[in-house]
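Down below is the structure, laid out as structure tokens.
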Amino acid sequence: MQTLNTTPKADGFWMPGEFEPHAGCWMLWPERPDVWRNGGKPAQRAYAQVAMAIAEFEPVTMGVSATQYEHARHMLPESIRIVEISYDDAWLRDVGPTMVINAQGEVRGVDWYFNAWGGLHSGQYFPWDKDELVAQKLLEMERFDRYRAPLILEGGSIHVDGEGTLLVTEQCLLHPNRNPKLRQADIEAYLKDYLNVEVVIWLGEGVHNDETNGHVDNLCCFIRPGEVALTWTDDERDPQHEISMDAYQRLLAAVDAKGRKLAIHKIHQPDPMFITDKEARGIDIMPTSSLRNASKPLAGSYINFYIANGGIIAPQFNDHRDQKALETLRVLFPQHKIVGIPLARDILLGGGNIHCITQQIPLGKNS
Ligand code: KQY
């Protein structure tokens, strides 16, 4: 593994769509008690449910700490590879590399800078130095060459169509707690260089109350080139209505890198959710992590699914809209098996969902 001084664009590499073939998927095992209730046990069951669901479609690697190795080995089937790695929390989408591929099928990784979703003053915890090294370690283990991108960015804040178009939100990418010295044009130029896209579609805000400052992966995603899924609510009194309506208008007006207008599929969000008293009492309070109090609103969205090889792994919230969301996904992905994750609330309690805890490795000749 070498760190390259060039950019993916200069070398002819680009980020493929998540719906393109994968060599596998990486995740990290949750355990920190100031994020995950009851010492992480319910979250571990939820992560195991996700890992086992994905493993039906493609190889899964789970990164675990030394102290959790034997427990995770007991919880996960042998078909799931477990490797020891250090990390601060379990969001591989955000701390892992963004993989890029070229026309010869070679795979490399982009390693972004990470500041725990906002740094010392508005980030989620301190320190995050172990998270910062996860992408580099993963690339080394997988023997992929690495680009070091000069930008604070998390993988959950970008979605591509693999054909030159990128979706992001202004709320997240232009937030002063990420890259305050860069102007929008500078950020867009870096995105074009490191993801090799030609068109950046800037949506406004992300999902209401999303603690990532509005990651796009909770709001909107490409389901294939030319088509996006968008979280939605018909309730005009819900602040999400204006946010989703604004995103809808921007998507309607957009033209992708191939000159197409986008087909937009709405998926109605679940009812508002909050951390319960009982759940909050199971979370340790630490001065170095953000508070997860009772009544804290949760940014639940069905858009936060993972596209595996032939499978869609989607959150379920024990909500009256769960079935409808799965049915919509069945229509949108007729060639895929749709798998609901009943324990997804326990991932949401940590501030994200299935897409946030997974990272696909594209299928290439060196992956
Ligand atoms: O949404 C994500 N990509 C991750 C959410 C992490 C929140 C930290 N508590």
Completion exercise
Out of (1) outside any strand (DSSP E or B); (2) buried (at least 18 other Cβ atoms within 10 Å of the Cβ); (3) touching a residue at least 60 places away in the same chain (Cβ under 8 Å), the one R45 does not meet is (2)
Handout entry: Number of the exception - R32 against (1) part of a strand (DSSP E or B); (2) surrounded by fewer than 22 Cβ atoms within 10 Å (Cβ to Cβ); (3) not small (G, A, S)
Key = (1)
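Say whether the condition of being under 15 Å from S244 (Cβ atoms) and either more than 16 Å from the ligand (Cβ to nearest atom) or at pLDDT 95 or above (or both) is met by at least one residue in region 171-192.
yes
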Problem - G352, sole failed condition from (1) away from the ligand (no atom under 16 Å from the Cβ); (2) outside any strand (DSSP E or B); (3) on the phi < 0 side of the Ramachandran plot - result: (1)
Exercise for the section: Kindly indicate whether T61 is surrounded by fewer than 18 Cβ atoms within 10 Å (Cβ to Cβ) and hydroxyl-bearing (S, T, Y). Expected result: no
Exercise for the section: Considering (1) part of a loop (DSSP other than H, G, I, E, B); (2) within 16 Å of the ligand (Cβ to nearest atom), say which one D346 fails and leave the rest. Expected result: (1)
Fill in the blank from the handout: Apart from one, (1) in contact with a Gly (Cβ under 7 Å, 6 or more places away or on another chain); (2) crowded, with 23+ Cβ neighbours inside 10 Å all hold for A308; the odd one out is (1)
Practice task
Can you tell me which residue among T212, T231 is surrounded by 24 or more Cβ atoms within 10 Å (Cβ to Cβ), assigned to a loop (DSSP other than H, G, I, E, B), touching a residue at least 60 places away in the same chain (Cβ under 8 Å) and within 16 Å of the ligand (Cβ to nearest atom)?
Solution key: T212
Completion exercise
Checked pairs for region 92-110, first free of Cβ contacts under 8 Å to residues at least 60 places away in the same chain, second of a type in the set (A, V, I, L, M), C-beta under 8 Å and 6 or more apart or across chains, list as G109/M99; G109/V100; G109/A135; G109/L138; G109/L139
Handout entry: Among (1) in contact (Cβ under 8 Å) with a residue 60 or more places away in the chain; (2) away from the ligand (no atom under 16 Å from the Cβ); (3) over 21 Å from the mean Cα position of the chain (by Cα) - the single one P239 does not satisfy
Key = (1)
Handout entry: Residues of region 270-282 classified as away from the ligand (no atom under 14 Å from the Cβ) and farther than 30 Å from E227 by Cα, total
Key = 8
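Which residues, counting only those in region 282-330, are among the basic types (K, R), in a helix (DSSP H, G or I) and touching a residue at least 40 places away in the same chain (Cβ under 8 Å)?
K324
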Practice task
Please indicate, with yes or no, whether at least one residue in region 76-89 is of a type in the set (A, V, I, L, M) and either within 19 Å of R37 (Cβ to Cβ) or modelled with pLDDT under 95 (or both).
Solution key: no
Practice task
Please verify whether region 187-196 includes one or more residues that are of a type outside the set (D, E), surrounded by 24 or more Cβ atoms within 10 Å (Cβ to Cβ), closer than 16 Å to G118 by Cα and touching a residue at least 12 places away in the same chain (Cβ under 8 Å).
Solution key: no
Fill in the blank from the handout: Of the residues in region 132-150, those that are out of contact with any Ser or Thr (no Cβ under 9 Å at 6 or more places or on another chain) and either within 16 Å of the ligand (Cβ to nearest atom) or among the hydroxyl-bearing types (S, T, Y) (or both) number 1
Problem - Given (1) more than 10 Å from the ligand (Cβ to nearest atom); (2) within 14 Å of N218 (Cβ to Cβ); (3) not hydroxyl-bearing (S, T, Y), index of the condition I357 fails - result: (1)
Problem - From the options I285, I303, I312, residue that is within 16 Å of the ligand (Cβ to nearest atom) and within 21 Å of Y47 (Cα to Cα) - result: I303
Problem - Qualifying position, being within 16 Å of the ligand (Cβ to nearest atom) and over 19 Å from I158 (Cβ atoms), among A72, A66, A103, A90 - result: A90
Practice task
Kindly indicate whether any position in region 259-269 is within 16 Å of the ligand (Cβ to nearest atom) and touching a residue at least 12 places away in the same chain (Cβ under 8 Å).
Solution key: yes
Practice task
Hey, can you tell me all the residues within region 298-324 that are small (G, A, S) and closer than 23 Å to N209 by Cα?
Solution key: A299, G300, S301, A314
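The values are calculated or read from the model by the stated rules, or taken from the named source; none is laboratory data. No experiment lies behind these values; they were computed from the predicted model shown. Please note: Cβ atoms are built from the backbone with ideal geometry, for glycine as well, and neighbour counts cover all protein chains shown.
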